[in-house]
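Trainee: The structure that follows is given in the form of C-alpha cells.
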Amino acid sequence: MLPTDPNCIFCKIVAGQIPCHKIHEDDNVLAFLDVGPLSQGHTLVIPKGHWVTLDQVLSEISAAIGKVLPVIAKAVCDATGTPDFNILQNNGKLAHQAVGHVHFHIIPKTADTGLGIDWPAGKLEPQQASDLLAKIKASL
Ligand SMILES: [Zn+2]
C-alpha cells in the first residue's frame, strides 16, 4: 500500500479525482503533461505514492522512476523535435518545490523556451572538499 495524502493535488491525479494528460502509468509511476509548461512537451514524472522529497522515497520506487525517466524523456523529445532538455527535481520551498509530492520535470529546451537557470558557481577548495567528503561518507 503506497502512502497517500488526501489534500495533495498529485495524489488526487493518481487517484483519478483530477484529470491529467497521461503519458505513462505503471504500478509505481505516473507521467503526464504539466498544465503550466515552460516549453512544449513539459512533462511531470511522479511516484504514485506520496512522499514530499526525494530522499524519503523508497529505493525500489526510485529505481522504478529511474527506469522510465529516460524513456519518457526520449519520447517527449522525439515528439516535440527538441533534442535538448532538462530534468529538474526540486526538494523544499527554498529549492522552488511548489507541490509537496516528489516530481521530476522533463523540460524540452529551445532557444526561446524551457528552463532558465541562474548558476552562480563558486570554487571548491581542497580542504573544504575533504571535510565535506568525510561528512557525506559518514552519512551514507
Ligand atoms: Zn501526493
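Trainee: Starting from the Cα-Cα distance between Leu124 and Leu88, subtract it from 0.36 nm times their residue separation and give me the gain in nm to one decimal.
Mentor: So the extension gain works out to 10.6 nm.
Trainee: Next question, about the same structure. Over the chain, how many percent of alpha carbon pairs lie in each 10 Å bin up to the one with the longest distance?
Mentor: 11, 35, 32, 17, 5, 0
Every number here is computed from the coordinates shown, using simple stated rules; none is lab data. Just so it is clear, the model here is predicted, and its values are computed rather than measured.
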